[in-house]
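Asks: I'd like to ask some things about the structure below.
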Amino acid sequence: MDSSPLRIRVPGLVLPVTCGDQRQACAGSIHVGLGIDFALGLAPLGGWLLSFPHPFVVELLSILDAAHSIVGQAVRSDDLVIDATVGNGHDTLFLLREIGAKGRVVGFDVQQEALDATRDRVQRQASAAMDRLRLVHDGHEAMSSHLDDETLGAVMFNLGYLPGDDHSIITEPETTCTALNASANLLRSGGVITIVAYSGHAGGEEELQAVEAWVASLPQDEFRALSYRFINQTNDPPRLFAVEKHAE
Ligand SMILES: C[S@@+](CC[C@H](N)C(=O)[O-])C[C@H]1O[C@@H](n2cnc3c(N)ncnc32)[C@H](O)[C@@H]1O
């Protein structure tokens, strides 16, 4: 089939579409998360049999894209969601875009510089969403004290240090696990926690091990938990852990 491939991508949906030969056939696939795709196809009525140039497209998502994909599928339009480590604000911006007009994001960071960078980013790229964002200059281990008795649709952790900044200010195993416990307690049914952990910096491996032990210890009748990593990459690739509270 003489065709021109076109890749359309929106959060949670990947459409590699092939269109355009004289028979006007189109085929695509819907991405349903973690590299699992369903094929679909369209062809004009009265045309020839449907055929798929690439009936199953498997895309191995990067660690950060996988975290976004998992959160994107879990959050609802009116959710309260947490960015536990706002850093430069990439995840905060993602969360604001993912929730609807009734949703809210609370972001934590111990560095004022990170909160300022995040506020700037949101103001530049999603100014209309500013009133749905609250930035808190405090450690995520204190999250419960900054929240009312509300449940959470998602909590995102991106551990380690602020890129390009002081590498000695890092997330720590003990405070991270305190925050993870608080998150698990506050999560609504069907809500998710994602944790991206790094082992390449001093203290990173210990924190990664602590997070893995915490995730692995979660009771199976309350949570589903996974670990996602690339096993043939050099330079200490990051790990993603994801936790989902069972839907009622
Ligand atoms: C890898 S960066 C986060 C990147 C960020 N998610 C983004 O999208 O740009 C980790 C951040 O965690 C922050 N941090 C360190 N300890 C913390 C704590 N106890 N509570 C909240 N944030 C903390 C650091 O200041 C740093 O900005």
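Asks: Does region 114-169 hold any residues that are closer than 20 Å to residue 207 by Cα and surrounded by fewer than 18 Cβ atoms within 10 Å (Cβ to Cβ), and which are they? Even if it seems obvious, please write down each step before you answer.
Replies: Quick first cut of region 114-169, residues closer than 20 Å to residue 207 by Cα only: 138-143, 155-163, 165-169.
Residues satisfying the conditions are 138, 142, 163, 165, 166, 167, 168, 169.
Asks: Within the group 99, 63, which residue is more than 11 Å from the ligand (Cβ to nearest atom), at pLDDT 90 or above, in contact with a Phe, Trp or Tyr (Cβ under 8 Å, 6 or more places away or on another chain) and among the β-branched types (Val, Ile, Thr)?
Replies: Values: 99 fails: in contact with a Phe, Trp or Tyr (Cβ under 8 Å, 6 or more places away or on another chain).
The match here is 63.
Asks: Report the residue count in region 56-93 for those that are buried (at least 21 other Cβ atoms within 10 Å of the Cβ) and without any contact (Cβ under 8 Å) to a residue 40 or more places away in the chain.
Replies: The number of residues fulfilling the criteria is 2.
Asks: Follow-up. Scanning region 148-159 for residues that are within 18 Å of the chain's Cα centre (by Cα) and over 12 Å from residue 109 (Cα atoms), which turns out nearest to the ligand (Cβ to nearest atom)? Can you show your working first?
Replies: Kept after step one, since they are within 18 Å of the chain's Cα centre (by Cα), are these residues of region 148-159: 152-159.
Subsequent filtering for residues that are over 12 Å from residue 109 (Cα atoms) retains 152-156.
Values: 152: 16, 153: 17, 154: 13, 155: 12, 156: 7 Å.
Once the filter is applied, the top-ranked residue is 156.
The values are calculated or read from the model by the stated rules, or taken from the named source; none is laboratory data. None of these values were measured; they are calculated from a predicted model. With ideal geometry, Cβ positions are generated from the backbone for all residues, glycine too; neighbour counts draw on all protein chains shown.
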